[in-house]
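First up is the structure itself, then whatever we jot down about it.
The values are calculated or read from the model by the stated rules, or taken from the named source; none is laboratory data. All values derive from a computational prediction rather than experimental measurement. Here the Cβ positions follow ideal geometry from the backbone for every residue, glycine too, while neighbour counts run over all protein chains shown.
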């Protein structure tokens, strides 16, 4: 049985949407975006998230609903990650699982090593 995880489905949808953008890029520009252009788009959205966080805290005024915009930009940033991973031929599902396992292991080791209840130190 081949079950699709939420991450698999999200990646598939992201790449389907990317293919639609590529059709328009080809029509309007005669080519699709380069890796550099994709990264610039991603970094622009990440910067926008920073402003939206400031708006949430009340230190940056924006037009519209900052919470709705934040949901949109966070989702769009996830889209960019899937697109970039695909372009770089990185299995993001596998990379994510390995990275989280490594981080979790390191954190658990540090928590155990710094336990204030451990009097053996």
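Summary of computed values
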quantity	calculated
Among (1) more than 13 Å from residue 86 (Cβ to Cβ); (2) surrounded by 14 or more Cβ atoms within 10 Å (Cβ to Cβ) - the single one residue 15 does not satisfy	(1)
Test: residue 17 is closer than 30 Å to residue 94 by Cα, in a helix (DSSP H, G or I) and under 13 Å from the mean Cα position of the chain (by Cα)	no
Count of the range 34-85 residues which are assigned to a loop (DSSP other than H, G, I, E, B) and either touching a helix residue (DSSP H, G or I) at 6+ places or on another chain (Cβ under 6 Å) or farther than 22 Å from residue 16 by Cβ (or both)	8
Of all residues making up the range 27-54, the number that are under 13 Å from residue 83 (Cα atoms) and either exposed (fewer than 10 other Cβ atoms within 10 Å of the Cβ) or at pLDDT below 95 (or both)	1
Verdict on residue 78 being loosely packed, with under 12 Cβ neighbours inside 10 Å and touching a residue at least 24 places away in the same chain (Cβ under 8 Å)	no
Residues satisfying the stated conditions in the range 86-121, i.e. surrounded by 10 or more Cβ atoms within 10 Å (Cβ to Cβ) and either touching a strand residue (DSSP E or B) at 6+ places or on another chain (Cβ under 8 Å) or in a loop (DSSP other than H, G, I, E, B) (or both)	88, 90, 91, 115
